[in-house]
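The structure under discussion appears below in the form of structure tokens.
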Amino acid sequence: MARAPLLQLSGISLTFGGTPVFDGLDLVVQPADRVALVGRNGSGKSTLMKVMAGLVEADAGGRVVPPGVSVGYMEQEPDLTAFATLGDFAASALPEGEGYKVAVVAEGLKFDPATPVTSASGGERRRAALAKLLAEAPELMLLDEPTNHLDIQAIRWLEDQLRETRAAYVIISHDRAFLRALTKATLWIDRGEVRRNEKGFEAFEDWRETTWAEEDLARHKLDRRIKAEARWAVEGISARRKRNMGRVRALQAMRAERAAMIRRQGTADMALDSGQVSGKLVIEAKGISKAFGEKLILRPFDLKVLRGDRVAFVGPNGVGKTTLLKMLVGEVAPDAGSVRLGTNLDIAVFDQARAALDLGMTLWDGLVNDPEMRVSGRSDQVMVRGTPKHVVAYLKDFLFDEAQARAPIGSLSGGERARLLLARIMAKPSNLLILDEPTNDLDVETLDLLQDILGDYDGTVLLVSHDRDFIDRVATTTVALEGDGRAVVYAGGWTDYQAQRGDDAPVKAAKPAAKPAPAAEPKVKSAAQGLTFTEKHRLEALPGVIERLEAEIGKLSTFLSDPALFTTAPEKFRKASEGLAERQAALAAAEEEWLMLEEKAAT
């Protein structure tokens, strides 16, 4: 016997500030649903989820939840003012004696329930909200960006919990890998309409492109019909005394239908100017180490970053990724060792705390008052990559409308704040980008565009992220901070890093360690194979490196096979040719190294 839906919305209409968000929306969530809720920033995803949770009342329509069905909502910015500790908040709706459930979830999400609310960070507050939802175990869970501020280990723990739960859930997330792993259906908000596809997020992009292609074809056919009928209407006046009024009314109806078609929102007009060319050597760190009191952050560590490298730093929260990043760019001094910066560096920083944004300022003032964007004598223009531009026009490039220009930055959503920070960074030339958690809150389309821009960027990128898909798409090198002060350099992105480690286990959580005396890591000889520990590890990793290089060479060769590429896109042809030559050289070196190690192992 079929069970009743857990939640049903019928004819929902909602307007904010005179702008319709939804009109006549219908939606059903069934038992055991695993649903991704996707859409552009500002499309109404969080608003729809609040309507589903009963926290926002629609102007019209109905919400039905069967008696006895519990619906839980994890919001992005929970109100904890009535509670002393994070644990008090997380356990506030649990029956007496079940507080242990919060402790179990807190261990997986890695936060301390005893943390006072007054001193808790934004990330800790969000983890407490997620712990509250998981501990309560409602039949329908509504999760709004649950992976923000979680490290990869905690994200994997959460994936396991959601994979095993019998509850239904709807998830808003920018994390592609997370959505692909968990969802079996997709709700897509597009221009006030909610479409449903009975396939998970894995199929979303193909579905979206097919939908848009069908829409474009229908619009094209309608335009042709209107053009033909309009020609008839004009020519028919002289050809007949009496016009066919039914046909005229049909033409008017077609024009009304065409006018009612809402054009898709474009992508942000983002671009990066790498400015002056930096020296080939960007950063060279030799033997750097760091500890705060008795807590060891980094053992002696070497790293060389060359122009054009894309280096990702991964590891658990609190392990020291941001501290290492700051040491590499000279903001924090190492306890030992040295850091040498290259020449002609112009550094731009995207920080995860968005500290560069004054939340009390308007968007307009936040741009025109930036010393590096100010146009002398003008209060309505900003300097964008060397050219003055009206501040509203520049904001529109990043998908802000004119009405938002005078709104306070504090009123923006997380995704809008991220876009505003990108607008400030991209207005100025830079050849070294520091990106600390850039993917939080950005929608899929903006992430796609950011990845494309970084792919064409001539400068160097240092990246801290917990987004596995983004790391795979962007990074050429991964530095894993694996706890106890250890940092290990791997070739490639997240998937390459996992393959080279020889397993798919999450990075171990950092444990506080006493500050050791600097000492070289011992090399352990393998009696069976005649290789050092490092050489044995390298031999195991090389097949994965060779396979990746061969795949990249294949892609570049296919791209360069277009005979028109040289004339239509000479710069792309040049970069692809250089990239192909570099990868072919790297492949030859990797194969030679593998043969040498294989020969040594056999002796």
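If I go through segment 334-350 residue by residue, how many of them are in a strand (DSSP E or B) and of a type outside the set (Ser, Thr, Tyr)? Give the steps one after another, and end with the answer.
Filtering segment 334-350 down to residues in a strand (DSSP E or B) leaves 336-341, 347-350.
Then keep just the ones that are of a type outside the set (Ser, Thr, Tyr); that gives 336-337, 339-341, 347-350.
Counting residues in segment 334-350 that are in a strand (DSSP E or B) and of a type outside the set (Ser, Thr, Tyr) gives 9.
Within segment 485-494, is there a residue that is in a strand (DSSP E or B), over 15 Å from the mean Cα position of the chain (by Cα), of a type in the set (Ser, Thr, Tyr) and farther than 29 Å from residue 427 by Cβ? Don't jump to the end; show me each part of the working.
Taking segment 485-494 and keeping what is in a strand (DSSP E or B), we get 486-491.
Pick out the ones that are also over 15 Å from the mean Cα position of the chain (by Cα) and you get 486-491.
Now narrow it down to the ones that are of a type in the set (Ser, Thr, Tyr): 490.
Now drop any that are not farther than 29 Å from residue 427 by Cβ, which leaves 490.
For segment 485-494, residues in a strand (DSSP E or B), over 15 Å from the mean Cα position of the chain (by Cα), of a type in the set (Ser, Thr, Tyr) and farther than 29 Å from residue 427 by Cβ: present.
Quickly run through segment 47-69 and pick out the residues that are more than 11 Å from residue 7 (Cβ to Cβ) and either surrounded by fewer than 18 Cβ atoms within 10 Å (Cβ to Cβ) or free of Cβ contacts under 8 Å to residues at least 60 places away in the same chain (or both).
Listed by number, the residues that qualify are 47, 50, 55, 56, 57, 58, 59, 60, 61, 62, 67, 68.
Here's the yes/no breakdown for (1) outside the structural domain of residue 466 (by TED's automatic domain parsing); (2) of a type in the set (Asp, Glu); (3) more than 30 Å from residue 111 (Cβ to Cβ):
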{"residue": "298", "(1), (2), (3)": "no, no, no"}
{"residue": "302", "(1), (2), (3)": "no, yes, yes"}
{"residue": "315", "(1), (2), (3)": "no, no, no"}
{"residue": "318", "(1), (2), (3)": "no, no, no"}
{"residue": "323", "(1), (2), (3)": "no, no, no"}
{"residue": "329", "(1), (2), (3)": "no, no, no"}
{"residue": "338", "(1), (2), (3)": "no, no, yes"}
{"residue": "367", "(1), (2), (3)": "no, no, yes"}
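Among the listed residues 189, 171, identify the single one that is touching a residue at least 12 places away in the same chain (Cβ under 8 Å), touching a Ser or Thr at 6+ places or on another chain (Cβ under 9 Å), assigned to a strand (DSSP E or B) and closer than 28 Å to residue 106 by Cβ.
Numbers: 189 fails: closer than 28 Å to residue 106 by Cβ.
Just a single option satisfies the conditions, and that option is 171.
Return the residues of segment 174-184 that are hydrophobic (A, V, I, L, M, F, W, C) and in contact (Cβ under 8 Å) with a residue 60 or more places away in the chain; say none if nothing qualifies. Write out each step before concluding.
Here is the first cut: in segment 174-184, the residues hydrophobic (A, V, I, L, M, F, W, C) are 177-179, 181-182.
Answer for segment 174-184, where residues must be hydrophobic (A, V, I, L, M, F, W, C) and in contact (Cβ under 8 Å) with a residue 60 or more places away in the chain: 177, 179, 182.
Going through 28, 21 one at a time, which residue ends up being in a strand (DSSP E or B) and surrounded by 22 or more Cβ atoms within 10 Å (Cβ to Cβ)?
On the way: 28 fails: surrounded by 22 or more Cβ atoms within 10 Å (Cβ to Cβ).
It is 21.
For segment 153-169: of the residues being surrounded by fewer than 22 Cβ atoms within 10 Å (Cβ to Cβ) and in contact with a strand residue (DSSP E or B) (Cβ under 7 Å, 6 or more places away or on another chain), which is farthest from residue 483 (Cα to Cα)?
Once the filter is applied, the top-ranked residue is 167.
Residue 478 - would you say it is in contact with a helix residue (DSSP H, G or I) (Cβ under 6 Å, 6 or more places away or on another chain), over 29 Å from residue 43 (Cβ atoms) and not hydrophobic (A, V, I, L, M, F, W, C)?
Details: in contact with a helix residue (DSSP H, G or I) (Cβ under 6 Å, 6 or more places away or on another chain): yes; over 29 Å from residue 43 (Cβ atoms): yes; not hydrophobic (A, V, I, L, M, F, W, C): yes.
Judged against the criteria, residue 478 is a match.
Just to be sure I understand, how many residues within segment 88-98 are within 20 Å of residue 141 (Cβ to Cβ) and surrounded by fewer than 22 Cβ atoms within 10 Å (Cβ to Cβ)? Explain how you work it out, then say what you get.
So in segment 88-98, the residues within 20 Å of residue 141 (Cβ to Cβ) come out as 89-95, 98.
Then drop every residue that is not surrounded by fewer than 22 Cβ atoms within 10 Å (Cβ to Cβ), which leaves 92-95, 98.
Within segment 88-98, residues that are within 20 Å of residue 141 (Cβ to Cβ) and surrounded by fewer than 22 Cβ atoms within 10 Å (Cβ to Cβ) number 5.
Kindly establish whether residue 55 is closer than 26 Å to residue 30 by Cβ, hydrophobic (A, V, I, L, M, F, W, C) and either in a loop (DSSP other than H, G, I, E, B) or outside the structural domain of residue 172 (by TED's automatic domain parsing) (or both).
Numbers: closer than 26 Å to residue 30 by Cβ: yes; hydrophobic (A, V, I, L, M, F, W, C): yes; either in a loop (DSSP other than H, G, I, E, B) or outside the structural domain of residue 172 (by TED's automatic domain parsing) (or both): yes.
It is true that residue 55 is closer than 26 Å to residue 30 by Cβ, hydrophobic (A, V, I, L, M, F, W, C) and either in a loop (DSSP other than H, G, I, E, B) or outside the structural domain of residue 172 (by TED's automatic domain parsing) (or both).
Give the residue, chosen from 495, 567, 558, that is over 23 Å from residue 301 (Cβ atoms), in the same structural domain as residue 600 (by TED's automatic domain parsing), among the polar types (S, T, N, Q) and at pLDDT 70 or above. Step through it out loud before you land on a result.
On the way: 495 fails: in the same structural domain as residue 600 (by TED's automatic domain parsing); 567 fails: at pLDDT 70 or above.
558 is the lone residue from the list that is over 23 Å from residue 301 (Cβ atoms), in the same structural domain as residue 600 (by TED's automatic domain parsing), among the polar types (S, T, N, Q) and at pLDDT 70 or above.
Using the structure shown, decide if residue 147 is over 24 Å from residue 466 (Cβ atoms), among the hydroxyl-bearing types (Ser, Thr, Tyr) and in contact (Cβ under 8 Å) with a residue 12 or more places away in the chain.
Values: over 24 Å from residue 466 (Cβ atoms): no; among the hydroxyl-bearing types (Ser, Thr, Tyr): yes; in contact (Cβ under 8 Å) with a residue 12 or more places away in the chain: yes.
Taking the combined requirement at face value, the residue does not satisfy it.
Mind checking which residues of segment 53-84 are modelled with pLDDT of 90 or more, in contact with a strand residue (DSSP E or B) (Cβ under 6 Å, 6 or more places away or on another chain) and under 30 Å from residue 121 (Cβ atoms)?
Passing the criteria: 53, 71, 72, 73, 74.
Within segment 322-333, identify whether any single residue is crowded, with 17+ Cβ neighbours inside 10 Å and assigned to a strand (DSSP E or B), and answer yes or no.
No, the conditions are met nowhere in segment 322-333.
The values are calculated or read from the model by the stated rules, or taken from the named source; none is laboratory data. Since the structure is predicted, the reported quantities are computational estimates derived from the model, not experimental observations. Neighbour counts run over all protein chains shown; Cβ positions are idealised from the backbone, glycine included.
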